[in-house]
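Chemist: Take a look at the following structure, please.
The values are calculated or read from the model by the stated rules, or taken from the named source; none is laboratory data. Because the structure is predicted, anything quoted here is derived from the model rather than measured. Neighbour counts run over all protein chains shown; Cβ positions are idealised from the backbone, glycine included. These accessible areas exclude ligands, DNA and RNA; they are computed on the full protein's heavy atoms, side chains included. Shrake-Rupley method; radii C 1.70, N 1.55, O 1.52, S 1.80 Å.
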Amino acid sequence: MSQLNVTQKLIKEHLLKGEMVPGKEIGIKIDQALLQDATGTLVQLELEAMGLDRAKTEVAVQYVDHNLLQTDFKNADDHAFLLSASQRFGIWYSRPGNGVSHPVHMERFGKPGKTMVGSDSHTPAAGSLGMLAIGTGGLDVAAAIAGQPYFVK
């Protein structure tokens with residue numbers, strides 16, 4: 001009998017669709033979502049377009065840690081939208097100056113054994129906590145927040 005590694009164990013525990021066969025598509029349950037301000041705006045707009053009432057993941061957090069420069073109204077307006085959308089969907093909001101999203105998320109929300117998708121390429125850093133953390137596109141993150149499985153081969 002073969003032993004499963006940590007990633008395989010997490011996939012097995014969160015498997016909703018398909019079989020754990022290399023090269024075959026599977027759908028896994030996502031527990032957490034991480035959004036940052038450079039890519040989170042699109043995710044929040046997609047949630048609006050989906051007509052979502054409330055986030056379905058155990059935890060979803062909108063961080064404002066990338067577009068902090070306030071030389072005009074654009075970033076400030078974006079931040080106001082992200083705050084209002086987060087309140088609407090029941091998503092935690094980490095305000096500008098609160099810290100860099102990935103270490104802050106690991107300190108405050110990270111949990112071994114959980115799955116997470118993030119609209120940022122650094123999301124897999126949460127793997128250091130024993131999470132299955134995947135950086136992916138905004139539509140995949142929005143779908144996970146809406147309670148849909150994350151599909152991957």
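Chemist: Considering each residue of the range 112-121, count those that are closer than 14 Å to H14 by Cβ and surrounded by fewer than 16 Cβ atoms within 10 Å (Cβ to Cβ), and give that number.
Modeler: 2
Chemist: Answer yes or no: is there a residue in the range 113-126 that is over 27 Å from G18 (Cβ atoms) and modelled with pLDDT of 95 or more.
Modeler: No: the range 113-126 contains no residue that is over 27 Å from G18 (Cβ atoms) and modelled with pLDDT of 95 or more.
Chemist: A further question on this structure: Say we look at the range 59-78 and pick out the residues that are outside any loop (DSSP other than H, G, I, E, B) and in contact with a strand residue (DSSP E or B) (Cβ under 7 Å, 6 or more places away or on another chain); which of these is farthest from Y150 (Cα to Cα)?
Modeler: Narrowing the range 59-78 to residues outside any loop (DSSP other than H, G, I, E, B): 59-63, 73-78.
Imposing the further condition that a residue be in contact with a strand residue (DSSP E or B) (Cβ under 7 Å, 6 or more places away or on another chain) reduces the set to 59-63.
Values: V59: 15, A60: 15, V61: 18, Q62: 19, Y63: 21 Å.
Applying the filter and picking the extreme gives Y63.
Chemist: Right, here's the next one. For the range 1-58, enumerate the residues that are assigned to a loop (DSSP other than H, G, I, E, B) and under 13 Å from A85 (Cα atoms).
Modeler: Once the filter is applied, which keeps residues that are assigned to a loop (DSSP other than H, G, I, E, B) and under 13 Å from A85 (Cα atoms), the range 1-58 yields G51, L52, D53, R54, A55.
Chemist: Within the range 125-153, how many residues are of a type outside the set (G, A, S), under 20 Å from D65 (Cβ atoms) and open to solvent by 40 Å² or more (accessible area, probe 1.4 Å)?
Modeler: Summing the residues that are of a type outside the set (G, A, S), under 20 Å from D65 (Cβ atoms) and open to solvent by 40 Å² or more (accessible area, probe 1.4 Å) in the range 125-153 gives 1.
Chemist: Within the range 46-86, count every residue that is closer than 18 Å to D140 by Cα and either without any contact (Cβ under 8 Å) to a residue 24 or more places away in the chain or of a type in the set (D, E, K, R) (or both).
Modeler: Count: 8.
Chemist: Quickly run through the range 1-53 and pick out the residues that are of a type in the set (D, E, K, R), within 15 Å of the chain's Cα centre (by Cα), within 30 Å of N75 (Cα to Cα) and at pLDDT 95 or above.
Modeler: Filtering the range 1-53 down to residues of a type in the set (D, E, K, R) leaves 9, 12-13, 17, 19, 24-25, 29, 31, 37, 46, 48, 53.
Now narrow it down to the ones that are within 15 Å of the chain's Cα centre (by Cα): 29, 31, 37, 46.
Next, from what is left, pick out any that are within 30 Å of N75 (Cα to Cα): 31, 37, 46.
Matches in the range 1-53: D31, E46.
Chemist: With the requirement that a residue be open to solvent by 10 Å² or more (accessible area, probe 1.4 Å) and on the phi < 0 side of the Ramachandran plot, what does the range 20-29 give you?
Modeler: Selection gives M20, V21, P22, K24, E25, I26, K29.
Let's see how each residue does on (1) over 17 Å from K29 (Cβ atoms); (2) surrounded by 13 or more Cβ atoms within 10 Å (Cβ to Cβ); (3) not basic (K, R):
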position: L47; (1), (2), (3): yes, yes, yes
position: D53; (1), (2), (3): yes, no, yes
position: V61; (1), (2), (3): yes, yes, yes
position: H66; (1), (2), (3): yes, yes, yes
position: S84; (1), (2), (3): yes, no, yes
position: G99; (1), (2), (3): yes, yes, yes
position: T123; (1), (2), (3): no, yes, yes
